[in-house]
Amino acid sequence: MHVFTGLVEDVGRVVEVSRRAREVYFSVASSRVCSELEIGDSVSVNGACLTVVSKSDQRFTAAATAETLRRTNLGLLTVGSRVNLERALRLGDRLGGHLVLGHVDGLGHVSQLAKEGEALLMTITPPSDLLPLIVPKGSITVDGVSLTVATLLPDAFTVSLIPHTLGVTTLQERRVGDLVNLEGDIIGKYVARFFALGAEPVFQEESHGPPSSDISLDVLRQHGFA
């Protein structure tokens, strides 16, 4: 399993797009990222984990499968498109964002943009099945960028983009109606799966007697965890 942080290393530019059978190959120019990439390495392109199939000093090529194209906005890329890039995390690297797998859960669309002081407040409407994984002040990955959920609305959420984030990512280019790749927090996914299977929220040894915790599904829902 490859892991990312959601901290974009560079904004690359798509220089070639080719289709072979059911896969699409993207060649991306980025001398900064290419300097340490090897064939077979994983690289996050707009938040989607792709495998490097060829490279030079200035560019690399990665393939996107039909499943990746269905779940992400990579199919919308054309020559000249700018993309957020991040190499996979290595053991011993500092984790400055949050744990990101590069497995995009679905596409959201930008529904509103508003200035808030020096920041830009972006409202995103996600797929309905992704909403349970989004909590206020929790982590969310938008086009490969690790962000904090500012507010949670009934069918959407907002993120506050500071000038630095806008300056070093492609989020500055997003407009109302644009599609963005979303990946929910991995911890939230395990919690959701846990309750979907009908498991009890409290773990205990049989010899410990009745549970002493007041945690329940209702309590978790009340605080936005389920």
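The values are calculated or read from the model by the stated rules, or taken from the named source; none is laboratory data. Remember, it's a predicted structure, so these values are computed and weren't measured experimentally. Every residue, glycine as well, gets a Cβ built from its backbone with ideal geometry; the counts of neighbours run over all protein chains shown.
Scan the range 135-163 residue by residue and report those that are under 12 Å from the mean Cα position of the chain (by Cα) and in contact (Cβ under 8 Å) with a residue 40 or more places away in the chain. Reasoning before the result, please.
Looking only at the range 135-163, we keep the residues that are under 12 Å from the mean Cα position of the chain (by Cα), and these are 139-148.
Within the range 135-163, SER139, ILE140, THR141, VAL142, ASP143, GLY144, VAL145, SER146, LEU147 meet the criteria.
Hey, any hits in the range 76-83 for a residue that's under 27 Å from GLY184 (Cβ atoms) and surrounded by fewer than 13 Cβ atoms within 10 Å (Cβ to Cβ)? Yes, the range 76-83 contains a residue that is under 27 Å from GLY184 (Cβ atoms) and surrounded by fewer than 13 Cβ atoms within 10 Å (Cβ to Cβ).
Within the range 99-137, work out how many residues are assigned to a strand (DSSP E or B) and at pLDDT below 90.
Filtering the range 99-137 for residues assigned to a strand (DSSP E or B) gives 100, 106-116, 119-125.
Now drop any that are not at pLDDT below 90, which leaves 100.
Looking only at that region, the number is 1.
Restricting the range 62-75 to residues that are hydrophobic (A, V, I, L, M, F, W, C) and assigned to a helix (DSSP H, G or I), the residue that is modelled with the highest pLDDT is LEU74.
Selection of the range 146-164 for residues being surrounded by fewer than 19 Cβ atoms within 10 Å (Cβ to Cβ) and out of contact with any Ser or Thr (no Cβ under 7 Å at 6 or more places or on another chain) yields LEU152, LEU153, PRO154, SER160, ILE162, PRO163, HIS164.
For every residue, the table says whether it meets (1) without any contact (Cβ under 8 Å) to a residue 40 or more places away in the chain; (2) β-branched (Val, Ile, Thr); (3) touching a Leu at 6+ places or on another chain (Cβ under 8 Å).
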| position | (1), (2), (3) |
| --- | --- |
| SER35 | yes, no, no |
| VAL43 | no, yes, yes |
| THR61 | no, yes, no |
| GLY108 | no, no, yes |
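On the stretch given as the range 43-86, residues that are farther than 20 Å from GLU183 by Cβ and out of contact with any strand residue (DSSP E or B) (no Cβ under 8 Å at 6 or more places or on another chain) total 2.
Can you tell me how many residues within the range 1-22 are assigned to a loop (DSSP other than H, G, I, E, B) and either without any contact (Cβ under 8 Å) to a residue 40 or more places away in the chain or not acidic (Asp, Glu) (or both)? Write out each step before concluding.
Within the range 1-22, the first condition is being assigned to a loop (DSSP other than H, G, I, E, B), and the residues that meet it are 1-3, 5-9, 21-22.
If we keep only those that are either without any contact (Cβ under 8 Å) to a residue 40 or more places away in the chain or not acidic (Asp, Glu) (or both) as well, we get 1-3, 5-8, 21-22.
Residues in the range 1-22 being assigned to a loop (DSSP other than H, G, I, E, B) and either without any contact (Cβ under 8 Å) to a residue 40 or more places away in the chain or not acidic (Asp, Glu) (or both): 9 in total.
Yes/no matrix, rows are residues, columns are (1) surrounded by 20 or more Cβ atoms within 10 Å (Cβ to Cβ); (2) within 19 Å of the chain's Cα centre (by Cα); (3) farther than 25 Å from LEU166 by Cα:
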position: ASN46; (1), (2), (3): yes, yes, no
position: SER56; (1), (2), (3): no, no, yes
position: PHE60; (1), (2), (3): yes, no, no
position: GLU67; (1), (2), (3): no, yes, yes
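Taking the criterion of being more than 15 Å from the chain's Cα centre (by Cα) and either among the aliphatic types (A, V, I, L, M) or modelled with pLDDT under 95 (or both), the residues of the range 76-94 that qualify are LEU76, LEU77, VAL79, ARG90, LEU91, GLY92, ASP93, ARG94.
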